[in-house]
Amino acid sequence: VRDISERQRAIQALRDSEQRWQFALEGARDGVWDWSLATNEVYFSRQWKRMLGFEEHEISNSLQEWDKRVHPEDKQRTYADLDRHLKGEVPYYQNEHRVLCRDGTYKWILDRGTIVSRDASGNPMRMIGTHTDISERKQAEEMIHELSLVDDLTGLRNRRGFFVLGEPQLSLARRLGRIAVLYFADVDGLKQINDELGHAEGDYALADVARVLRTTFRETDILARLSGDEFAVLTLETPGTDTGALVSRFEEQVNQHNRTAHRPYQLAASIGVAERAPESNESLADLLRRADANMYRAKQQRRAAS
């Protein structure tokens, strides 16, 4: 006969601990993973699988289940962060990346973990970590970023947005062997509209110019209100494109607007054009200055003609 009360108490304490651990796993919004580096087996909690839209039996205990779902564009950076922790360069692993869900969409995941055991030589043997769904936060950040690049009045890009998107467009033009064309437009007589009819009517005029630009140019072109009454459009064209034809189309669209809008003023705008050859290294700011100068000359000629 042996007294096994102490052993029974230890078993019960272990069960209680496991129940608390299981409750924490199921109750938390985070998914939990437990990775054996020796075998590459990984325990994925039920919430980890549910977060991606999978049932318990649809994900096996293999590192490949996670690896094959990490977005290809994020994988190199993710493994680099993981490797830094395994080498002891940082105290814990943390990375934000996209993971493929069962329905074919991607969720943004905040992945965190730390080494919890090592062998006698100090090599990592086991890591435990969590998956947190941060998709809503990423969407909010993207919206804030997008709003910071948009002009409130017209819905076109603002000056910052024009430069953020325009410089990569110039690099693309160079790679594709295309010419970059910058159209710079200035609304004629906006001060007079504001002074005589009020700033609300002046805002209508600016919004009208934005609508005319949208009907004149393509969706792939970058349209912006740079400031006040100044607008710019950056397009990529094949060498030999007749830019004058597009200017004529813009002016015809303005005339069409004046015939149908019934505003208490005639909308008018002066426009200047500057082209950049595919092999050129001219910056967007330099191209803008040239187009601005050409616009000013066009405005002077219009005044002289009238």
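The values are calculated or read from the model by the stated rules, or taken from the named source; none is laboratory data. Not measured: the values here are computed from a predicted model. Cβ coordinates were reconstructed from backbone atoms using ideal geometry, including for glycine residues, and neighbour counts include every protein chain displayed. Ligands, DNA and RNA are excluded from the accessible area calculation, which covers all protein heavy atoms including side chains. Shrake-Rupley method; radii C 1.70, N 1.55, O 1.52, S 1.80 Å.
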Interchain or sequence-distant (5+) residues whose placed amide H lies within less than 5 Å of the amide H of residue 70 are 100
How many angstrom separate the Cα center of segment 190-211 from the Cα center of segment 257-300? 18
Listed residue (236, 213, 184) projecting farthest to the positive dipole end of segment 149-246, Cβ model: 236
Calculate what fraction, in whole %, of the accessible area of segment 101-177 sits on carbon and sulfur atoms when a 1.4 Å probe is rolled over the protein chains. 53
Tell me, what is the per residue accessible area of the chain in Å², probe radius 1.4 Å? 58
Which of 38, 261, 140 fluctuates most in a GNM of the chain (C-alpha springs under 10 Å)? That residue is 38
Local electrostatic count, residue 125, Cβ distance below 9 Å [Lys/Arg +1, Asp/Glu -1]: +1
Round to the nearest 10 and report in Å² the accessible area of residue 262, as given by a 1.4 Å probe over the protein chains' heavy atoms. 150
For segment 31-75 and segment 127-175, distance of Cα centres in Å: 30
Given a Förster radius of 30 Å and the C-beta distance between residue 41 and residue 171 as r, what FRET efficiency does 1/(1 + (r/R0)^6) yield to the nearest 0.05? 0.10
With eigenvalues of the C-alpha gyration tensor scaled by 5 and rooted, segment 175-229, Å: 29, 11, 7
Given [x] 222; [y] 166; [z] 184, which label gives volume of the Cα convex hull per residue in Å³ as computed from the coordinates? [x]
Please find the FRET efficiency linking residue 141 to residue 301, where r is the Cβ-Cβ separation and R0 is fixed at 45 Å, and quote it to the nearest 0.05. 0.45
State to the nearest 20 debye the size of the charge dipole of segment 108-154 about its Cα centre, where the only charges are +1 on K and R beta carbons and -1 on D and E beta carbons. 580
Using the Cα centre as the reference, give the magnitude of the dipole from point charges on the C-beta atoms of the chain (Lys, Arg: +1; Asp, Glu: -1; all else neutral), rounded to the nearest 20 debye. 280
Sum up the charges of everything whose Cβ sits under 15 Å from the Cβ of residue 277, counting Lys and Arg as +1 and Asp and Glu as -1, but leave residue 277 out. 0
As a check on your grasp of the helix formula, calculate [θ] at 222 nm for the chain: sum -39500 (n - 2.57) over DSSP H runs of n ≥ 4, divide by the residue count, round to the nearest 500. -15500 deg cm²/dmol
Rounded to the nearest 20 Debye, what is the dipole magnitude of segment 129-198 about its Cα centre when Lys and Arg each give +1 and Asp and Glu each give -1 at the C-beta? 540
Count charges around residue 158 for me, please; just the other residues with Cβ under 12 Å from its Cβ, Lys/Arg as +1, Asp/Glu as -1. 0
Counting lysine pairs in the chain that sit 8 or more positions apart or on different chains, with Cα atoms under 19 Å apart, gives 8
Output for segment 39-92: chymotrypsin sites (Phe, Trp or Tyr not before Pro) sitting in coil per DSSP, at most 13 other Cβ within 10 Å, listed by number, reads 92
